[in-house]
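Read the figures in this text as sums done on the coordinates, not as results from a lab. As the structure is a computational prediction, the values presented were derived from the model and not from experiment. Here Cβ is always computed from backbone atoms with ideal geometry, including for glycine, and neighbour counts include all displayed protein chains.
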Amino acid sequence: PCPIAVLSAAAPELNPPGFKTVAERVTSPELAAALTELPPGLECHWRVNLHSGIGTEVVPVDAAQAVHIEALLAAGGYTPIAESWGTRWVIEFSQEYTWGESHTLVGGVWFATAWLEIAPDGYTADMVATIVF
């Protein structure tokens, strides 16, 4: 099923007040700084409950910024995954809860996603297909 349908079935709250931005959730201070220094883009945050949600910031980047961000991802221990559109960088943690991040830079756009306990299959692919292709 479509990732949006998966999220909608969970009856999440879209863009809830006080929900942390992706820049506030990324584990790398350098990535957080890079994200906050860019012009504002599209933000979409889904909160399912107190302990699960997903958020994405979609911001424009130029070629030099994309190279810099990918260098930060590589240095920060993010794992590169080959996708049909290019590389998606991921990092995941699991303690009491499972959480992680997914970053894709393609077509002059940075898709920065942070999630907690919910990461629908195809979420990034749908965004890339809708916005870039």
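How many Å³ per residue does the convex hull of the Cα positions in the chain occupy?
Per residue, the Cα convex hull of the chain comes to 108 Å³.
Treating each Cα of the range 81-129 as one equal point scatterer and applying the Debye formula with no solvent, the log10 of I(q)/I(0) at q = 0.14, 0.15, 0.30 Å⁻¹ comes out as -0.34, -0.39, -1.24.
Give me the number: length gained by fully extending residue 121 to residue 43, i.e. 0.36 nm times residue separation minus the C-alpha to C-alpha distance, one decimal in nm. Don't jump to the answer; show the numbers that get you there.
Values: separation 78, 0.36 × 78 = 28.08 nm, distance 1.95 nm.
Contour length minus Cα-Cα distance gives 26.1 nm.
With each label modelled as a point 7 angstrom along the Cα→C-beta vector, the residue 85-residue 63 pair spans 2.0 nm. Counting Lys and Arg as +1 and Asp and Glu as -1 over every other residue whose Cβ lies under 10 Å from the Cβ of residue 125, the net charge comes to -2.
Expressed in nm to one decimal, what extension gain is obtained for the pair residue 33 and residue 51 from 0.36 nm per residue of sequence separation less their Cα-Cα distance?
4.0 nm
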